[in-house]
Structures are given as structure tokens and as C-alpha cells.
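The values are calculated or read from the model by the stated rules, or taken from the named source; none is laboratory data. None of the values given here were measured: they were computed from a predicted structure. So basically every Cβ, Gly included, is an ideal-geometry build from the backbone, and we count neighbours across all protein chains shown. Keep in mind that these areas ignore ligands, DNA and RNA; they rest on the heavy atoms of the full protein, side chains included. Shrake-Rupley method; radii C 1.70, N 1.55, O 1.52, S 1.80 Å.
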Amino acid sequence: MKEQRLVPEPEFESYYGRPILKEPTWKTPDVPLYLFLGGLAGCSAVLAEGAALTDRPDLERVARLAAAGGAAAGTVALIHDLGRPERFLKMLRVFKPTSPLSVGSFILAPFSALSGAAAAAQVTGLLPRLGRVAGSGAALLGPPLATYTAALLANTAVPAWHEAHRELPFVFGGSGAQAAGGLAMLLAPIDQTAPARRMALAGAVVELAAAETILRRHGLVAEPYRTGRPGRLIRLARNCTAVASGITALAGRRSRLLSAVAGATYVAGSLTTRFGIFEAGLASARDPKYTVVPQRERLARQGGGSAKIDG
Amino acid sequence: MGSLWGRLDDVQTDAGYGSPDEHPPRMGFFTDTSVCIGCKACEVACKEWNEVPDDGYLLTGMSYDNTQELGASTWRHVAFVEKPLDVPVEAPPADLGMPSMGPPDPQGAESGGEGGVRWLMSSDVCKHCTHAACLDVCPTGSLFRTEYGTVVVQPDICNGCGYCVPACPYGVIDLREGDGRAFKCTLCYDRLKEGQTPACAQACPTESIQYGELSELRERADRRLTELHDQGVDVARLYGRDPDDGVGGDGAFFLLLDEPEVYGLPPDPIVTTRDLGSLWRHVGAAAATVAGLGVASFASRRLVPRLLGTALGGRR
Ligand code: SF4
Ligand code: SF4
């Protein structure tokens, strides 16, 4: 049996080069946009609650609106992907812990209601107490909303997503924190956004570290994250995140303008990350190499399975 | 919720159909590709019986295969592989029990002659996995386990979310264009309930597709494998028969004459839900990290790096 791992392009057999897996039918931009909005909304709800507790009214208003708006827009993106609104309701007929989409629907639905109520109370000034209660509820559901979307992708047979199932939740959580902090840096006055800057910076560090781990740990399976269009998107996102972090650390406190620029760059980086990861999955499903070669290697490691016949 | 991974001797009981004597035996397919002649009677019979719509006609250049793949409107797919015989096969084509009609190839078909072509034909189908990823991830409950242990979609419940599509490790199920909902082989659920044989198995002229109780099919397949090995056909192997494999064994399994990937099958599929526990744990840890970051961002500037250190250090 030949060891084929060290040659640049691994040799493998396939059926006329056709994919083994079906490419995900989820639409672009609906689904990557939904992944981004979920992260933005979830982490904004956390930011809003912190702002309320520490008496930062402008930050609170921006974050509450981002949470409610992100959840509403995310729901629209999801429904657009499904085609018809009543199809979303079918998600709520059963609760299945084995289906991240089911679990996610039971996070998204109450989160949308609670963050919407909190934002409405904030904007109208009506029922402030209830608004705060709703806001706390949204803040509790926020982190799960920001991270469950990683399970959505990873709980599939798509090699680039599935094999990264330990790292993706951290990439998504960090990316969401970065987006929420970034948006607040863009829209809220500088004397109230210190926590937003810290959240964005910390989120960026988590995201970059987790994404780096995927590339380091997963070899061939992680190739779609490095090559082609998804690879370019991911590199662009990483540069955005790095630049934004640099500006934030150096001048985020001092310049309203630079803080806003860094914030917008954070948001752009987070959005681009989701498109890159989404498209890397599509590429990973399309090429039988990513299905066959790692499975062959696994069989070879186990020493069993059906060995190649060419002796 | 049934079990997610590993050996499972009674899928129906696991799915809530009561004790073994309260439900029918698990039914399945054994597709013996060594006797397949590539006539596509199974494809046609399936389309006709299940009223599966046409899904376009395309000349692919892939030997006699213009069907291409399983999908929402193709529930049996006959694969055609032409392998040049550059090396004399170690298996002189023993009598495989094939009818004498050879494939219409001028080179002399599956005879081991110099410059000849070795034909592989195989009728692929949904594997009706013991641990079916499509069923696990379906958020609506549209995909369900029948009393026969098969996996079936209910179109009236399916909302077209498409989650089942990338979840299937074999690339079987798909959304139907125009309709938007998911469809795949039902193992002729309606015919089973009437005590009939599924249409493809009924139509197969060479008994390449055999239908029956899974336990019996497995014994039959083992005997067939021994027979072929005794005849010197060392390349023969069973695929999806092992109840200890990554999907707990297939309800529809195969006898192949080459590596699975040559037929477009994954060599070592594993149901994605095997890692579900780890996945949710990591989602939980990441959510806690995000919450921690939030708290720390407001609490103190020095707390953030400290929390980060724990989160990253504690992560595997
Ligand atoms: S082969 Fe795919 S579609 Fe068929 S039961 Fe298994 S996971 Fe589901
Ligand atoms: S497309 Fe239909 S069958 Fe497939 S997971 Fe969604 S609801 Fe279930």
C-alpha cells in the first residue's frame, strides 16, 4: 500500500470526479447573513444589559436596537431561505435536541420577542420595568444564539464544517462579540463605548485564535478555508479584524472618528468571516477529495477496513 | 430520542415501537452488484411506482450513466464504471451468475483480455441507516423511522429547510427543485404495508436487488461473499453490512467488486450525530465565554485578558 499523504495532491479514486456529498441547498446570502445577524444580535443583547446596569444610556439604546433589529432581520433571512413564512412555524412543532436547527428555532423565537420588547420599551419609554425584564431574558439567550449557529453547520457530513466542530463555536462567538462591540463603537458616543471596545477586542482575539486552530489542526480538511474564494474571504476577514483591533487598541479611546472606523471594520470582518466559512463548506462538499482521502486515512490508521488492492 | 451511535440491534424498539415482538422485523435491501447487468429496470420501476417526476435529460459522457446521482427525483441510480484492464485481474472472471448478455462494448466487456474493460455496475439507493443523520437533524419530524426500520420523509410535514441534505454522509437526500421539499427512497413504504416487495427489487431481472428481512439478507450476503471468494473473486466485499460501522450498519447494503469510492460511495461514513455531545459541549463553552466576555468588558479592563486565558486554556 502506498503512502499518499505527502504528495501535494493526494491521489484518490472517485466516480467520474463527482461529489459524494450533496452540496448544502442553503442559499447565499440568506444563510451566511443569518449566521452573522444571530451573532450580532445575541452579543448586542449582552452589551445592552451591561450598559443598562452601568448606566450608559446611549450605548444601551444602540445595543438594544441592534439586538432587536438583528434578530428580526435574521428571522427574515431564515424565512426567505425557507421560501414561505408558515414553514418557519413548522420548526416549532417538535423540539429535537439532535437538530441544531430545532434547538436554534427555540432560541431565536423567544430571543426575537424579548429583544423586540426591550427595544420597544426603550424607544417608547413605556413600561420600562418590563422592558428591562425582557432585556435580561434576551441577554441570557444571547450567547447561545450567537454560538448555536456553529452547531448548525458542524452537525452535517460536510468535512470542513464537521471536523471543525470544536473550534467553530468559538469562532462564531468571538465573531459575534466583535460585531456587537464594533457596531456600538460605530454608533454610540466614545465616552460610553469603553465596554464595547473591550468586548470587540476580546471577541476578535477569541475568533482569531480559534480560526487559527482550525487551520493548524485539520490539514487537508481545512484546505477550503485557505484556498479559492472562501480562502480569500477568510483572509480578508482576518485582515479586517486585525486592523480594527490595532486601531481600537491604539486610538479607540481618543478619536471618535477612528473608533467608528474600527467599529465598522469589525462589523465587516465578522460578516466576511461568515461568508468565508459558509462558502468553504460548500467547496468542501463539492470535492470528493475531502470526503474520500480523510476517510481512507482513518481506515488506514485503524489498520482495517478494505485495503487498497494494488498491494 | 433514540441512540445516536454505535451498534443497535433493534432500531424499531429504539425508535419507540415497543418490544421486538410488537413490531415487524427490520426490512432492507441487499444489492449484489456482481450480478447487475445495468439494465436500469430498477430506476424505471421506482419512477413509475412512486410517480417520481422527470428530472431532466442530459448526456453526461459517463459511460451509460445519464442518471448521474441519487436525488430528490432519483431514488435508484445505476452507476456504470469502465475500468481499463491494464493489469490482468487477479480474479479471472469466474462465473458470477451473470446472464450471458455482455455490455455492448467492442473490446470484449468483462473478459480479462488485454486492453479490455472491466465493467462495474451498481444500483445505488438510500441506505436506510441504523443511525440516520437525515432523521436526526430534521427539525420538523418530517423524517421518521417506520415500523419496518426504514427511514421515510413525510412531504406534508417537511418545510424544505434542507438540513437533511448536507447531513447525509452518502449524499442521498435532496430538495426537489420547484417544490422545495425533500424527497428520497421510501423503500416503498406503501407496498411494504401491503406485504409486497418494493418496486425495484420486483423489477430486477437478475436478483441483484434482493429484498427481505435484514438479518436474513445479511446471512445471504455472507454466503454469497464466501462463494465469490472461493471462486477467486478476491475483490468482492460487503459494504454497509457491518452493524459496528460508522452508521451502525445500513438497512440497504451492497456487495461491491471494487473500493466504495469507485462507485461514488464514501469509504468510511460516520453519522454526524456521533459527535453531537461534544458539539453541544463546545457550543456551551463558547456561549459561556461570550457571556464571560460581556461581564468582564463592563467589570474591569484587566479582567478580560484573564478570562480569555482561562477560556482558551480550558478549550480542547
Ligand atoms: S443514506 Fe442518507 S438519506 Fe438515507 S437514511 Fe442514511 S442518512 Fe438518511
Ligand atoms: S428539508 Fe424537510 S425532511 Fe429535510 S430536514 Fe428539513 S424538514 Fe426535515
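Restricting the search to region A:19-40, which residues are over 21 Å from residue B:180 (Cβ atoms) and within 7 Å of chain B (Cβ to nearest Cβ)? Answer for region A:19-40, where residues must be over 21 Å from residue B:180 (Cβ atoms) and within 7 Å of chain B (Cβ to nearest Cβ): A:19, A:20.
Looking only at region B:59-69, residues that are more than 9 Å from chain A (Cβ to nearest Cβ) and either open to solvent by less than 90 Å² (accessible area, probe 1.4 Å) or touching a Phe, Trp or Tyr at 6+ places or on another chain (Cβ under 9 Å) (or both) come to 3 in all.
This table checks each residue for (1) part of a helix (DSSP H, G or I); (2) surrounded by fewer than 22 Cβ atoms within 10 Å (Cβ to Cβ); (3) at pLDDT 95 or above.
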| position | (1), (2), (3) |
| --- | --- |
| B:275 | yes, yes, yes |
| B:282 | yes, no, yes |
| B:286 | yes, no, yes |
| B:313 | yes, yes, no |
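Is region B:130-137 home to any residue that is in contact (Cβ under 8 Å) with a residue 24 or more places away in the chain, closer than 24 Å to residue A:162 by Cα and more than 16 Å from ligand 2 (Cβ to nearest atom)? Yes, there is a match, as at least one residue in region B:130-137 is in contact (Cβ under 8 Å) with a residue 24 or more places away in the chain, closer than 24 Å to residue A:162 by Cα and more than 16 Å from ligand 2 (Cβ to nearest atom). Here residue A:209 does not fit the description of being part of a helix (DSSP H, G or I), closer than 19 Å to residue A:66 by Cα, at pLDDT 95 or above and within 12 Å of another protein chain (Cβ to nearest Cβ). So in region B:123-142, with the set limited to residues that are open to solvent by 10 Å² or more (accessible area, probe 1.4 Å) and part of a strand (DSSP E or B), which one is nearest to ligand 1 (Cβ to nearest atom)? For region B:123-142, the residue satisfying everything is B:129.
For region A:164-176, the count of residues that are more than 20 Å from residue A:294 (Cβ to Cβ), among the basic types (Lys, Arg) and facing chain B (nearest Cβ under 8 Å) is zero. Condition first: within 16 Å of ligand 1 (Cβ to nearest atom), at pLDDT 95 or above and within 14 Å of chain A (Cβ to nearest Cβ). Can you find one or more residues in region B:105-121 that meet it? So far as region B:105-121 goes, no, none of its residues is within 16 Å of ligand 1 (Cβ to nearest atom), at pLDDT 95 or above and within 14 Å of chain A (Cβ to nearest Cβ). Selection over region B:45-58 of residues that are at negative phi, open to solvent by 30 Å² or more (accessible area, probe 1.4 Å) and part of a loop (DSSP other than H, G, I, E, B) gives a count of 5. I'm told residue A:258 meets every condition in (1) away from chain B (no Cβ under 11 Å); (2) of a type in the set (A, V, I, L, M, F, W, C); (3) within 23 Å of residue B:309 (Cβ to Cβ) except one. Can you identify the failing condition by its number? If we test residue A:258 against (1) away from chain B (no Cβ under 11 Å); (2) of a type in the set (A, V, I, L, M, F, W, C); (3) within 23 Å of residue B:309 (Cβ to Cβ), just (3) comes out false.
Among the residues of region B:16-37, the ones that are over 17 Å from residue B:211 (Cβ atoms) and surrounded by 19 or more Cβ atoms within 10 Å (Cβ to Cβ) come to 2 in all. When residues in region A:175-220 are screened for being within 14 Å of the chain's Cα centre (by Cα) and in contact (Cβ under 8 Å) with a residue 60 or more places away in the chain, 10 of them pass. In the same structural domain as residue A:51 (by TED's automatic domain parsing), closer than 18 Å to residue B:157 by Cα, assigned to a helix (DSSP H, G or I) and within 22 Å of the chain's Cα centre (by Cα), is that true of residue A:105? Considered against the rule, which asks whether it is in the same structural domain as residue A:51 (by TED's automatic domain parsing), closer than 18 Å to residue B:157 by Cα, assigned to a helix (DSSP H, G or I) and within 22 Å of the chain's Cα centre (by Cα), residue A:105 comes out as yes. Just a yes or no: is a residue in region A:41-62 open to solvent by 40 Å² or more (accessible area, probe 1.4 Å), within 14 Å of chain B (Cβ to nearest Cβ) and touching a Phe, Trp or Tyr at 6+ places or on another chain (Cβ under 6 Å)? Yes: region A:41-62 contains one or more residues that are open to solvent by 40 Å² or more (accessible area, probe 1.4 Å), within 14 Å of chain B (Cβ to nearest Cβ) and touching a Phe, Trp or Tyr at 6+ places or on another chain (Cβ under 6 Å).
Among the conditions (1) over 16 Å from the mean Cα position of the chain (by Cα); (2) free of Cβ contacts under 8 Å to residues at least 60 places away in the same chain, residue A:60 misses just one, which is (2).
Under 8 Å by Cβ, and 6 or more places apart or on different chains, what pairs join a residue from region B:194-213 that is without any contact (Cβ under 8 Å) to a residue 12 or more places away in the chain with one that is in a loop (DSSP other than H, G, I, E, B) and surrounded by 19 or more Cβ atoms within 10 Å (Cβ to Cβ)? Partner pairs satisfying both residue conditions: B:196/B:188.
Applying a threshold of 7 Å to beta carbon distances and a minimum spacing of six or more residues, or different chains, the list of pairs starting in region B:252-264 at a residue that is within 9 Å of residue B:122 (Cα to Cα) and among the hydroxyl-bearing types (Ser, Thr, Tyr) and ending at one that is modelled with pLDDT of 95 or more and outside any strand (DSSP E or B) reads B:263/A:15. Annotation note: of B:183, B:144, the sole residue that is within 12 Å of chain A (Cβ to nearest Cβ), within 12 Å of ligand 2 (Cβ to nearest atom) and aromatic (Phe, Trp, Tyr) is B:144.
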